[in-house]
């Protein structure tokens, strides 16, 4: 199929509109089944996407190109395409949507059709973010996505949802407006908004630094990196389970994806220049936020902080490449690790949020102190929860281990202390995850509500089982993923991050 | 015949004025229908001028060119939308009188003359015809206290602005000895070449022209009347005052600044830069503090004028086309914004506060969705239409070669974030807050007008290409 990517974007959006205006609130059962059908169909489209993907090239695939708008002498194109970075993320997005639809099945009581429609529309927009190869198209999807998420948190969220969602929106909006200026600047300079043209655009150090900062603000807020991470715990805690899952599994990845697509290849010299700062911020995220997670009383908040710490590994993996000049295998390893971490965190954090959601639906509390001895009443649940907690702590054999290990190995080559500090997370990660697990699941049955908890129903079992399979599969056979990414990683290391300042630019890359 | 739209509208307005005398209060809808019909007919007549060569009539007093034609089309469309929004509102408030429509038609005529005026005199005539009609409309609700007070302020401030404008024109006449736009332009260049010391006098005139224009646009620091007038006027009149006349003022500004005084471009660019930055900063920050939605929209309008000036001050063809695109989109958004308030009101209830919107989503989801489109469009979130003019003016200013252009752009976008905050507050009230907002029972045409306005935010946002191309084509040569 030639317009597979368009389908992946527009099918869920059209489906969302069909749910909103077609079946609507009058027939909520039909709305749910229709949403599930659309989500499954979207995910189904990812199968030909993955199997038809050429793993020997770093070039964009499934390319689509159409003129959209003309601004003077610059064109904004409806240009789509995926490489080894974007394709797995699109698959992850479509996969997560199925889970989110299922997770909201019985739990959402008010305005189910609006809820489902918002998620479906958002899926299309997120796929658009990953598939866009035109910077302005990317920006449109990037900003548009805020609207459904804003509504999802604000309408279906917890008690403090309004504060959280406004904070979420404004933080992200603040981050991205300067990116717009940078994009327009480069559009004028190069006469094109194609991201690839921006990669090749020669830029002096001064503009590079400013552009780097503009992009950095946009993406660092989204990742989120220390110290602009404070919106995330609020948003996560207040969002409905589905919202937390999408935030953790997909939206955070957009920040790191932005680093890959924009910061590193467009401003390689500024990136190299400022790599120390980014590495320092990443290590602060890994160590300090790990300690912050340790003292949380709210399970969702704990997982939110753990997300920040895990995303620190991703940015660390990206930016140590500048400390590994001449050691390309290690640089590649760090990159691969960061990329695997992105996907694995998508599974593990989604699973953990769903686990908390399962308990919250029964007890209407997220506080660790309200639980204890859950294993007695919910043995099946406890087993799943165990697996995901272990994966979050980085147990070998699970998805959580692979990425962190690869990044740490690469970091060793760069600097012993980077690796040392990054490894601390293996201790703190195990500490906060397992300590939470112990307090919630083991021990005496805390109160009579816990004693009466019913175990997983079929729907919940199915969701968690699928995620468990994915977590183990990625942990045991990460090669399936790394093969797909390999050419793109090599291309980025070989060309993308090479200096733009040297006069000799006629290499293999250009 | 290039002047046919104006002639037709004049004849139609006079005819309707007479017909209205013989129409009883209960059949006032006839006047409404005729007024709409004449706007549509004028629109169609104006379409014939599209693509035609530029024509200067009456010894250089009147011009029909691409800019005038496109601006007229925009103003007439916006006016028709405003009247659609007005009918039910004024009907419920028992000032459903023929004068309302007739004054609206004369205001439209004034606007058409303004953008086609090619000498100081015709431009001023158009402006006064517009302004006098508007003063009367603002005061139309005689039984309320706010309306006449607002009209009084508007009148005094408007007269002051006209005075400033005339003073500037007389200065320039003093230097060049002409009031015809092209002659002034040519003479100014000539005189400056011969006597460079006369630049001061021309600049002096330019300052007053800019001040007059800024008054009419409502740019800071000439903005004090804006919140009071928008707040005090009947809401349907606020929708009118805040929208189409701004398009006309853009036309006037184009005639008076680049087409007349390009020789002192750098001087008025600097003035506009100051006005622009002040409007963006003060407009956005003041809007945050408003709890009255009409005042909030007024301050948001001031901020929008700031962004619009960003295009105008670029001083390039691209900047002018960006400013034109901005003002057309702004007029539409502003009508839609006041339209939000109009659909909320009903007999005996005026929607004033943002709190009145609380919980609307639960009872009127369609209206809530449209309102979200409008607010997000004003905030400049893509893909809604409000994003594209912001993009265009930023592109224009970055491409203008002005010193510090990057910083102008950076300040503009950072204050857009402040702007997002108060628009989101309305969305929050509609969607997140529990409240008593009733199910809306709006008249059919009002509902239609509102849906057109709301959906156009999305549709124009997804396909801004044609309008952009039209604006660019005007200034291409």
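The values are calculated or read from the model by the stated rules, or taken from the named source; none is laboratory data. Just so we're clear, the structure is a prediction, and the values are computed from it rather than from any experiment. Cβ sites come from the backbone with ideal geometry, for glycine too, and all protein chains shown count toward neighbours.
Taking region B:110-136, which residues are surrounded by 22 or more Cβ atoms within 10 Å (Cβ to Cβ) and closer than 15 Å to residue B:17 by Cβ?
Within region B:110-136, B:133 is the sole residue that qualifies.
Go through (1) within 26 Å of residue B:150 (Cα to Cα); (2) over 16 Å from the mean Cα position of the chain (by Cα); (3) surrounded by 24 or more Cβ atoms within 10 Å (Cβ to Cβ) and name the single condition residue B:260 misses.
Of the numbered conditions (1) within 26 Å of residue B:150 (Cα to Cα); (2) over 16 Å from the mean Cα position of the chain (by Cα); (3) surrounded by 24 or more Cβ atoms within 10 Å (Cβ to Cβ), the odd one out for residue B:260 is (1).
When only residues in region B:151-177 that are buried (at least 19 other Cβ atoms within 10 Å of the Cβ) and more than 27 Å from the chain's Cα centre (by Cα) count, which is farthest from residue B:122 (Cα to Cα)?
B:175
Just one of A:42, A:57 is touching a helix residue (DSSP H, G or I) at 6+ places or on another chain (Cβ under 6 Å), in contact (Cβ under 8 Å) with a residue 60 or more places away in the chain and surrounded by 24 or more Cβ atoms within 10 Å (Cβ to Cβ); which is it?
A:42
Among (1) surrounded by 23 or more Cβ atoms within 10 Å (Cβ to Cβ); (2) part of a helix (DSSP H, G or I), which single condition is residue B:63 missing?
All conditions are met except number (2).
Which one of these is free of Cβ contacts under 8 Å to residues at least 60 places away in the same chain, more than 24 Å from the chain's Cα centre (by Cα) and either farther than 21 Å from residue B:257 by Cα or crowded, with 23+ Cβ neighbours inside 10 Å (or both): B:200, B:194?
Being free of Cβ contacts under 8 Å to residues at least 60 places away in the same chain, more than 24 Å from the chain's Cα centre (by Cα) and either farther than 21 Å from residue B:257 by Cα or crowded, with 23+ Cβ neighbours inside 10 Å (or both) holds for just one of B:200, B:194, which is B:194.
Looking at A:317, A:312, A:334, which one is more than 17 Å from residue A:224 (Cβ to Cβ) and in a helix (DSSP H, G or I)?
Residue meeting the stated conditions: A:334.
Residue under question is residue B:118, and the condition is that it be at pLDDT 90 or above and either closer than 15 Å to residue B:256 by Cβ or in contact with a strand residue (DSSP E or B) (Cβ under 9 Å, 6 or more places away or on another chain) (or both); does it hold?
yes
Out of (1) away from chain B (no Cβ under 14 Å); (2) within 21 Å of residue A:8 (Cα to Cα); (3) surrounded by fewer than 24 Cβ atoms within 10 Å (Cβ to Cβ), what's the single condition that is false for residue A:106?
Failed condition: (2).
Considering (1) surrounded by 21 or more Cβ atoms within 10 Å (Cβ to Cβ); (2) within 18 Å of residue B:129 (Cβ to Cβ), say which one residue B:14 fails and leave the rest.
(1)
Matching residues to (1) at pLDDT 85 or above; (2) farther than 22 Å from residue A:336 by Cβ:
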{"position": "A:408", "(1), (2)": "yes, no"}
{"position": "A:411", "(1), (2)": "yes, no"}
{"position": "A:419", "(1), (2)": "yes, no"}
{"position": "A:425", "(1), (2)": "no, no"}
{"position": "A:429", "(1), (2)": "yes, no"}
{"position": "A:435", "(1), (2)": "yes, yes"}
{"position": "A:439", "(1), (2)": "yes, yes"}
{"position": "A:448", "(1), (2)": "no, yes"}
{"position": "A:451", "(1), (2)": "no, yes"}
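Within region A:15-36, work out how many residues are touching a residue at least 12 places away in the same chain (Cβ under 8 Å) and part of a helix (DSSP H, G or I).
Counting residues in region A:15-36 that are touching a residue at least 12 places away in the same chain (Cβ under 8 Å) and part of a helix (DSSP H, G or I) gives 14.
What is the one condition in (1) closer than 25 Å to residue A:265 by Cα; (2) within 14 Å of chain B (Cβ to nearest Cβ); (3) out of contact with any helix residue (DSSP H, G or I) (no Cβ under 6 Å at 6 or more places or on another chain) that residue A:21 does not satisfy?
(1)
Being facing another protein chain (nearest Cβ under 9 Å), touching a residue at least 12 places away in the same chain (Cβ under 8 Å), part of a helix (DSSP H, G or I) and closer than 17 Å to residue A:243 by Cα is true for just one of A:147, A:188, A:155. Which residue is that?
Answer to the check: A:155.
From the set of residues in region B:385-404 that are more than 25 Å from the chain's Cα centre (by Cα) and more than 10 Å from every other protein chain (Cβ to nearest Cβ), which is surrounded by the most Cβ atoms within 10 Å (Cβ to Cβ)?
Looking at the filtered set, the residue picked out is B:402.
Here are B:453, B:429, B:443: which of them is over 23 Å from residue A:210 (Cα atoms), touching a residue at least 24 places away in the same chain (Cβ under 8 Å), within 20 Å of the chain's Cα centre (by Cα) and more than 8 Å from chain A (Cβ to nearest Cβ)?
B:453
Look at residue A:174 and say whether it is within 8 Å of chain B (Cβ to nearest Cβ), in contact (Cβ under 8 Å) with a residue 24 or more places away in the chain and buried (at least 24 other Cβ atoms within 10 Å of the Cβ). First the steps, then the outcome.
Details: within 8 Å of chain B (Cβ to nearest Cβ): yes; in contact (Cβ under 8 Å) with a residue 24 or more places away in the chain: yes; buried (at least 24 other Cβ atoms within 10 Å of the Cβ): no.
No; evaluated as a whole, the condition is false for this residue.
Just one of B:174, B:158, B:205, B:126 is touching a residue at least 12 places away in the same chain (Cβ under 8 Å), part of a helix (DSSP H, G or I) and in contact with a strand residue (DSSP E or B) (Cβ under 7 Å, 6 or more places away or on another chain); which is it? If you could, list the steps in order and put the result at the bottom.
Numbers: B:174 fails: in contact with a strand residue (DSSP E or B) (Cβ under 7 Å, 6 or more places away or on another chain); B:158 fails: in contact with a strand residue (DSSP E or B) (Cβ under 7 Å, 6 or more places away or on another chain); B:205 fails: in contact with a strand residue (DSSP E or B) (Cβ under 7 Å, 6 or more places away or on another chain).
That would be B:126, the only listed residue that is touching a residue at least 12 places away in the same chain (Cβ under 8 Å), part of a helix (DSSP H, G or I) and in contact with a strand residue (DSSP E or B) (Cβ under 7 Å, 6 or more places away or on another chain).
Residue check: is residue A:123 crowded, with 18+ Cβ neighbours inside 10 Å, away from every other protein chain (no Cβ under 12 Å) and within 23 Å of residue A:358 (Cβ to Cβ)? Please lay out each step first, then the result.
Numbers: crowded, with 18+ Cβ neighbours inside 10 Å: yes; away from every other protein chain (no Cβ under 12 Å): yes; within 23 Å of residue A:358 (Cβ to Cβ): yes.
For residue A:123, the condition - crowded, with 18+ Cβ neighbours inside 10 Å, away from every other protein chain (no Cβ under 12 Å) and within 23 Å of residue A:358 (Cβ to Cβ) - is met.
From the list A:66, A:79, A:59, which residue is more than 14 Å from every other protein chain (Cβ to nearest Cβ) and in a strand (DSSP E or B)?
Numbers: A:66 fails: more than 14 Å from every other protein chain (Cβ to nearest Cβ); A:59 fails: in a strand (DSSP E or B).
When all the criteria are applied, what remains is A:79.
Could you tell me which numbered condition residue A:214 fails, if it satisfies all but one of (1) under 22 Å from residue A:497 (Cβ atoms); (2) more than 11 Å from every other protein chain (Cβ to nearest Cβ); (3) at pLDDT 85 or above?
Only one criterion is unmet by residue A:214, namely (2).
Name the single residue, out of those in region A:158-169 being within 19 Å of the chain's Cα centre (by Cα) and at the interface with chain B (Cβ under 9 Å from one of its Cβ atoms), that is farthest from residue B:361 (Cα to Cα).
A:169
Residues are listed down the side, and each one gets a yes or a no for (1) modelled with pLDDT under 90; (2) within 22 Å of the chain's Cα centre (by Cα); (3) under 30 Å from residue B:119 (Cα atoms):
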site	(1), (2), (3)
B:1	yes, no, yes
B:14	no, no, yes
B:18	no, no, no
B:24	yes, no, no
